[in-house]
Each structure stands twice: as structure tokens, then as C-alpha cells.
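These notes are about the structure you will find just below.
The values are calculated or read from the model by the stated rules, or taken from the named source; none is laboratory data. Every value quoted in this text rests on a predicted model; they were computed, and no experiment measured them. All Cβ positions, glycine included, derive from the backbone under ideal geometry; neighbour counts span all protein chains shown.
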Amino acid sequence: MAYPSGFKYTKDHEWVDLAGDTGRIGITDYAQNQLGDVVYIELPEVGARLKQGQSFGTIESVKAVSELYSPVTGEVTEVNTALKDKPENVNKDPHGSWMIAVKLANAGEAGALLDATAYQDLVK
Amino acid sequence: MVSFAGWEMPVEYSGIIAEHLAVRERAGLFDVSHMGEIEIAGKDALAAVQRISSNDASKLQIGQAQYSGLMTTKGTFVDDLLIYRLAPSHFLLVVNAGNIEKDYAYIAGEIRAAGDAVAVDASSRYALLALQGPKGADVLQPLTGVDLEHIRYYRSAHGEVAGVRCTISRTGYTGEDGFEVFVPPQSADRVWQAILESGKPFDVIPCGLGARDTLRLEAGMRLYGNDIDETTTVLEADLGWIVGWNKEDFLGAGALRAQKANGTARKIVGFELLERGIARSGYQVHVAGRSSAAGTITSGTQTPFLKKAIGMVYLPVEHTTPGTEFDVDIRGRQTRAAVVPMPFYKRAK
């Protein structure tokens, strides 16, 4: 699966899709493949304040539980609650299954994340 | 791939959920060659098996298998195992991969007192393929001259599969109908390929350790190292049915008889979560009226077929009645759970 060139990526295998001062956050195809069948996702409430690298929730597959780390600092403005009932969407469409939207507190942070090429090299 | 008792084994081929559902709905094929095989033979083989096994092997007909325990003198599990009677004085014990050396040393030492019998670690002579699921007989029958309809549950027969001399056993670790086929290791690949080929019309797929674990848990089967070990007695594990209480003497008999008379302080139960989450092995459980943890979960997962979070835990006996509620500490969040009867899943006969 190709990694969208417009996204930014972390070494922890999250992606952020930026639009203005807001970024939607999800996990990469590599991450979902490592996890296997996702059966449960726990996400924060709207209004939660996150620091870059801080855990914003957990994702569980049949075989393991894993933390979700925020690629950026900011406030949660939206939560994709549809994933609660359809966690398998993360396996089917990892780059389309955003989990939270965050209003960035520090736009410079995102610039320092990996681009698609660098991320692809990381997981090669 | 993961390392497991010295073997490199796949956790999954196409995905745990797909593999789990294949076994429940059609059939799946597992390579469980890591399992150990110990043979006991000699004039006094029955007496030897009776000494080391908790269950009553005198009830076994030729070709029949029984689930049993290899117990410490305290009545706790050195291992759990399947015992086949291959011939009147020849038994085959199928043991857990991680316990082969420990079991063999223990058995070889303990059977000396039983008379003329010898134990052999034959693990390297057997590969073991498990074809599990309702379509198992349809898949296997075209490959063998053995009439599979005549192999009843927990019985076995000798014959050829795909031209290879095998022992075919109607057993498994999934809660589903199916077969376990003992094959010479050098022919295992050929039999594996033949079964997958024969299984194509039924969409039979290879299955890994992950699905093996979720399937056995749904079926309420204990896993050595998780649910039973040298700290848990057969009665605490609620497996009193694998004890031949009428036998004269066997390893652990004294301790188990005393425990049966006096009762146990704790017992394993099945549970399901009443709130969202997954309760995994190692998580602690809290019951009302106790400040410290009442137990630690031994197995737990989200099951693909029942689509529930289920598991097993040892609890004080006063909290083991079905319907009794308790809290599971899921990474700091108290999540409500209730005791339910096992097995969680039972196939339609």
C-alpha cells in the first residue's frame, strides 16, 4: 500500500494529515499490518489536550494492545466515533481511518515529522 | 513468526479472525509438529501409565485417546496431555512442546517402580497436522482409504493419507470436529500440501498459533503455562473429570483426595466482560469486600466467533457462581465482568 505523499509520519507509525491549523491523525498501513486484526480502539474526548509524543488512546488487536501516540501538540477537536463500532476499518483502510482531529498549538512541530519517502524507508 | 519452545512458528497466515472463522465454519489446517510424543511400552506399560497419569487408562480401548494430567505429588500440573492406547501394552502420550524434557525425565523416573515398562521420547519421529472444522472429514476422506465415519470422537486409526503411512485421530484443540494426523516428519510437507489441495473446494486455509489460542479459549480448553501449571491443582482447574478416583494410586492421588474431601479455596472460572475492552492474561481482578486483588487473569481475548471479550481467572470459590460480577483492572480502568459457564462455545452436534 502506498503512503500518501501529503501526510506526515512518526517513527511510532502514526500519520497526520494537515489542513490549515488542524491535523487528522491515524496509524499507518505498516502499523495495522503489525497489529493484525484490530478489535478495539479507545480514543480521548473532544477537548483533551495532547502533547507531542503523548498517548491519546489505545488500539487492540486480537493478539496485542498498543498505545497511540500523538504526532503533534494541540487540542482534540473531533473524534471519529464510528471506529468504535467498526475498528476493522483500520485494517481495511488505514490511511482513510482517521481517529482524532487536533488543532495544532505549534505548527512548526509537524514540519519536523517524516515525509512519505522517509517513512517508507523506515519501514522497508 | 515467533519462537515457541525452540520452534519458529507463524502466529498467523491470513489473519487470526479469518483463520478462526474458517475453523468454525469450514476447516483450517494447523502444523502442530512442535507437540511432543512420549511412548511407554512393555509388559507392565498399563501399570506405568496408571502411575503417572491422573485419568484411568484401563478404560482405554485400542486406538482410543483420553485427556489427562501428569501431576506433581501435590496434585498440581507438571503437564496436561493426551494418552492413546496404541496396543494393549503400548501407549502414546502427546505433551506440550515446552515440557517435553521435563515430562520425559519425570516419567522415566516414576515408572521404574511400575515394573517392566520403558519410556521413549519419540518427538522427533512425529510431525503432527491438525485439520479442524466441520468440513474436516470431507476434506480428508478423498486422501485416505480409512473410512473416517468409523473413527469416532477421541478414537484413532492407522492408514495412509496421500500415500503416507499415518495415524489419524479424531481429536483437536479447537472445540470443533476434526482430525489430527501423525505423520513421519520427512513426509509432513507432502501431506500438508495434499490436505490444502483437497480442501480448496471448501476454502480450507492454513492457521497459526494465534487462531489456535483463540479457538481453544472459546472452547474453554486450558492452556499449559497460562491456565494450568505446577501451582494449580487439577481440582482448582475444575478438571476433576480427568482424575480416575477409583484407581489405587497415582502421582498426586493423596493430595487430590484430601483436596476433594476438604474443598478448594479457589477455582478457575470463565468470564465475559460486561463493558467494552479486552481483559488479557496478567490483568488483576477485584471483587467486592477485598482490598487486594482476588485473582489474576490466566487467558483472555476478544473472540472472533462470539465477538465477546472472554477469559479465565482463578477466583475464591465464594465468587465463582455464574452471574457473580467483578472488576478487571484494564491498565488502571476498572471494567465490569461476570462469571459465565464454560465452554463459551459449544459446537452443534
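Would you check if B:Glu272 is at pLDDT 95 or above and farther than 19 Å from B:Asp103 by Cβ? Criteria met by B:Glu272.
Of all the residues that make up the stretch B:24-40, how many are surrounded by 18 or more Cβ atoms within 10 Å (Cβ to Cβ) and either within 14 Å of chain A (Cβ to nearest Cβ) or more than 19 Å from the chain's Cα centre (by Cα) (or both)? Adding up the residues that qualify gives 2.
Within the stretch A:90-118, the only residue that satisfies the criterion of being within 14 Å of another protein chain (Cβ to nearest Cβ) and surrounded by fewer than 18 Cβ atoms within 10 Å (Cβ to Cβ) is A:Lys92. Can you spot a residue in the stretch B:276-293 that is more than 19 Å from B:Asp227 (Cα to Cα), among the small types (Gly, Ala, Ser) and within 14 Å of another protein chain (Cβ to nearest Cβ)? Yes.
Examine the stretch B:217-235 for a residue that is within 14 Å of chain A (Cβ to nearest Cβ) and either touching a Gly at 6+ places or on another chain (Cβ under 9 Å) or of a type in the set (Lys, Arg) (or both), and state whether such a residue exists. Within the stretch B:217-235 (the criterion being within 14 Å of chain A (Cβ to nearest Cβ) and either touching a Gly at 6+ places or on another chain (Cβ under 9 Å) or of a type in the set (Lys, Arg) (or both)), the answer is yes, since at least one residue qualifies. Going through (1) farther than 23 Å from B:Asp229 by Cα; (2) touching a Ser or Thr at 6+ places or on another chain (Cβ under 8 Å) one by one, B:Gly136 falls short only on (2).
Any residue at all in the stretch B:224-231 that is over 21 Å from B:Thr171 (Cβ atoms) and out of contact with any Phe, Trp or Tyr (no Cβ under 8 Å at 6 or more places or on another chain)? Looking through the stretch B:224-231, at least one residue is over 21 Å from B:Thr171 (Cβ atoms) and out of contact with any Phe, Trp or Tyr (no Cβ under 8 Å at 6 or more places or on another chain).
Of the residues making up the stretch B:278-293, those that are more than 26 Å from B:Glu19 (Cβ to Cβ) and at pLDDT 95 or above are B:Gln284, B:Val285, B:His286.
Could you look through the stretch B:256-315, keep only residues that are in contact with an Asp or Glu (Cβ under 7 Å, 6 or more places away or on another chain) and within 23 Å of B:Gly69 (Cα to Cα), and pick out the one that is surrounded by the most Cβ atoms within 10 Å (Cβ to Cβ)? Selected residue: B:Met312. Scanning for something over 23 Å from B:Arg222 (Cβ atoms) and either among the hydroxyl-bearing types (Ser, Thr, Tyr) or not in a strand (DSSP E or B) (or both), does the stretch B:65-85 turn up at least one residue? No. Here is a check on your reading of the model: is B:Phe271 in a strand (DSSP E or B), aromatic (Phe, Trp, Tyr) and more than 14 Å from every other protein chain (Cβ to nearest Cβ)? In short, yes. Per this entry, B:Ala265 is counted among residues that are away from every other protein chain (no Cβ under 12 Å) and either touching a residue at least 60 places away in the same chain (Cβ under 8 Å) or more than 16 Å from B:Arg333 (Cα to Cα) (or both). Please determine, by comparing only the residues of the stretch B:219-248 that are of a type in the set (S, T, N, Q) and touching a strand residue (DSSP E or B) at 6+ places or on another chain (Cβ under 8 Å), which one is surrounded by the fewest Cβ atoms within 10 Å (Cβ to Cβ). Looking at the filtered set, the residue picked out is B:Thr231. Only one entry of A:Lys86, A:Lys11 meets the criterion of being of a type outside the set (Gly, Ala, Ser) and within 24 Å of B:Thr301 (Cβ to Cβ), and that entry is A:Lys86. Only residues that are surrounded by 16 or more Cβ atoms within 10 Å (Cβ to Cβ) and more than 26 Å from B:Lys267 (Cβ to Cβ) were counted across the stretch B:73-89, and they come to 4. All of (1) out of contact with any Phe, Trp or Tyr (no Cβ under 7 Å at 6 or more places or on another chain); (2) within 14 Å of another protein chain (Cβ to nearest Cβ) hold for B:Ile330 with one exception: (1).
Scanning the stretch B:1-18 for residues that are under 20 Å from B:Gly98 (Cα atoms) and free of Cβ contacts under 8 Å to residues at least 12 places away in the same chain, we see that the one that is nearest to the other protein chains (Cβ to nearest Cβ) is B:Met1.
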